[in-house]
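The values are calculated or read from the model by the stated rules, or taken from the named source; none is laboratory data. Here the structure is a predicted model, which is why all the values come from computation and not from measurement. Every residue, glycine among them, receives a Cβ derived from its backbone with ideal geometry; neighbour counts consider all protein chains shown.
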Amino acid sequence: MDLGEGLRQAIARIKNATIIDAKTIREFNKELQKALLSADVDVKLVLKFTKEIEDKALKSNPPEGIAPRDYITNLVYEALVELMGSTFTPELKPKKILLMGLYGSGKTTTAAKLAKFYQDRGLSSVLVCCDVSRPAAYEQLETLSKQANVAFFGIKGEKDPAKIIKEAAQKYKDRKVLICDTSGRSALDAVLIDELKRVAKAFAPDERILVIGADIGQVAGAQAKEFSNAVDISGVIVTRMDGSARGGGALSAAHAANTKIMFIGTGEKLGNIEAYDSGKFIGRLLGIPDIISLVDTVQQAIKEAGLEEGEMQFDELNFESFYAQLKAMGKMGPLKNLLGMVGVMDVPKDMVEQSEDKLKSYKVIIGSMTRDERKNEKLLHNPSRISRIAKGSGKTEKDIHQLITDFNKMKKMFNMMKNDRGMMKKFGKFMK
């Protein structure tokens, strides 16, 4: 069970209670403790957190017109936001960023994600490879820079990172954001500390950021302290937040160590990074829709998919317009994250995976259709066309017929919505 599921189950207990008394609140607190401890949040923090919830719930009265269960839910939300750290707003101005981290933290991929994040917001970026220890580090960062469509600099075979960074700074002085990816180790040792200090002296970074994996849980706090004592870090980026049940432990530990959480990694794709907003993060855990993030994600996905604005505005649903939607969805990250943004939680993992597989299959099949077939699905009544599409997509004819059946159901629903003026009016207001 991950942290979000545990918290939602605890809150469901308080929302379903017929009487909210001291016994109910203490039982509720036990469920909260179980959820937080399962997420590897420090025991002392958990006890302090639940004691504050209990004291406020028992010693204060809800404002007039607010139900006790809603008041307690809000207390939990506010306390969790405080437990997990403050919100970070990145400054969109020229800067030099030094990234550090141990092996396995996801530092190099994060460097590319960060470069893309700033470049997408109008700040031209360059990735500088100063990892002179790990084999193939140069090639990996060069490949990632191409995928992120940002500049790259490195000197293959050079063992002096200070020399690399000086040449990069001279060559790319016109770039707004320089991101230096440094060497890692299995542990922070004297050799790594000395190397990081030399790079920092040559680079004079505006931000010194430690990259840590969410799966290390509360060890994140100790790691952040070690690096901060050695090289005075500005903050941390927590990676793999989408796949680790211990993410809450990593965030709370970093915050408890007085370290600023700057960004979190929410998926494998280069666009899956976001500035840390504790309110949004806790909101998703509790199943509260995050519409603003969803709209931002959709707009960015349309841009990355190379679609024209008109391609996503249509009066008729056909395979052509559906294909444009699938292309955009493919850029929006894991389906689980999208469901979380609209407040749909606790969907079984196997169901989410099956849905993702089905959408990928749809995209492959439609990609094997001609433009005429995409615009006029009636052409697919011809068995020879079905046979050709099956061969072209590597699917069976049964798969093609299943897509047509599913598509007709979607089209029927789309037409019902389009003809419901009241619903479309509300939807238009929402989109504004």
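Looking across the stretch 128-141, just one residue is touching a Phe, Trp or Tyr at 6+ places or on another chain (Cβ under 9 Å) and closer than 14 Å to Leu270 by Cα, and that is Leu141. Regarding the stretch 114-133, can at least one residue be identified that is among the aromatic types (Phe, Trp, Tyr) and assigned to a helix (DSSP H, G or I)? Yes, the stretch 114-133 has at least one match.
Of the residues that make up the stretch 32-47, is at least one in contact (Cβ under 8 Å) with a residue 24 or more places away in the chain, in a loop (DSSP other than H, G, I, E, B), out of contact with any helix residue (DSSP H, G or I) (no Cβ under 7 Å at 6 or more places or on another chain) and under 20 Å from Ile282 (Cα atoms)? Among the residues of the stretch 32-47, not one is in contact (Cβ under 8 Å) with a residue 24 or more places away in the chain, in a loop (DSSP other than H, G, I, E, B), out of contact with any helix residue (DSSP H, G or I) (no Cβ under 7 Å at 6 or more places or on another chain) and under 20 Å from Ile282 (Cα atoms), which makes the answer no.
The set of residues in the stretch 13-39 that are farther than 18 Å from Asn61 by Cβ and crowded, with 18+ Cβ neighbours inside 10 Å comprises Asn29, Glu31, Leu32, Gln33, Ala35, Leu36, Ala39. Confirm whether Ser145 is out of contact with any Asp or Glu (no Cβ under 9 Å at 6 or more places or on another chain), buried (at least 22 other Cβ atoms within 10 Å of the Cβ) and assigned by TED's automatic domain parsing to the domain that holds Phe263. So Ser145 passes the test. With the structure loaded, tell me whether Gly85 is within 25 Å of Gly235 (Cα to Cα), surrounded by 13 or more Cβ atoms within 10 Å (Cβ to Cβ) and at pLDDT below 85 or whether it fails that test. Considered against the rule, which asks whether it is within 25 Å of Gly235 (Cα to Cα), surrounded by 13 or more Cβ atoms within 10 Å (Cβ to Cβ) and at pLDDT below 85, Gly85 comes out as no. Among the candidates Ala250, Ala214, Ala230, Ala220, the residue that is buried (at least 22 other Cβ atoms within 10 Å of the Cβ) and over 18 Å from the mean Cα position of the chain (by Cα) is uniquely Ala220. Only one of the numbered conditions (1) part of a loop (DSSP other than H, G, I, E, B); (2) in the same structural domain as Gly122 (by TED's automatic domain parsing) is violated by Thr108, and that is (1). One residue stands out among those in the stretch 78-117 that are of a type in the set (Phe, Trp, Tyr) and within 20 Å of the chain's Cα centre (by Cα): the one that is nearest to Ile282 (Cα to Cα), which is Phe88. Among the conditions (1) basic (Lys, Arg); (2) touching a residue at least 24 places away in the same chain (Cβ under 8 Å); (3) surrounded by 14 or more Cβ atoms within 10 Å (Cβ to Cβ); (4) in contact with a Leu (Cβ under 8 Å, 6 or more places away or on another chain), the only one that Arg121 does not satisfy is (3).
Conditions tested, residue by residue: (1) exposed (fewer than 13 other Cβ atoms within 10 Å of the Cβ); (2) aromatic (Phe, Trp, Tyr); (3) touching a Leu at 6+ places or on another chain (Cβ under 9 Å).
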position	(1), (2), (3)
Val41	no, no, yes
Lys51	yes, no, no
Glu54	no, no, no
Ala57	no, no, yes
Arg69	no, no, no
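Taking the stretch 135-178 as the range and being within 27 Å of the chain's Cα centre (by Cα) and part of a loop (DSSP other than H, G, I, E, B) as the test, the residues that pass are Ala136, Asn149, Val150, Arg175, Lys176. If you go through the stretch 253-268 and keep only what is surrounded by fewer than 18 Cβ atoms within 10 Å (Cβ to Cβ) and more than 19 Å from Leu36 (Cβ to Cβ), you end up with Asn258, Lys260, Glu268.
Just so you know, in the stretch 1-31 the residues that are aliphatic (A, V, I, L, M) and in a helix (DSSP H, G or I) include one that is nearest to Glu54 (Cα to Cα), and it is Ile25.
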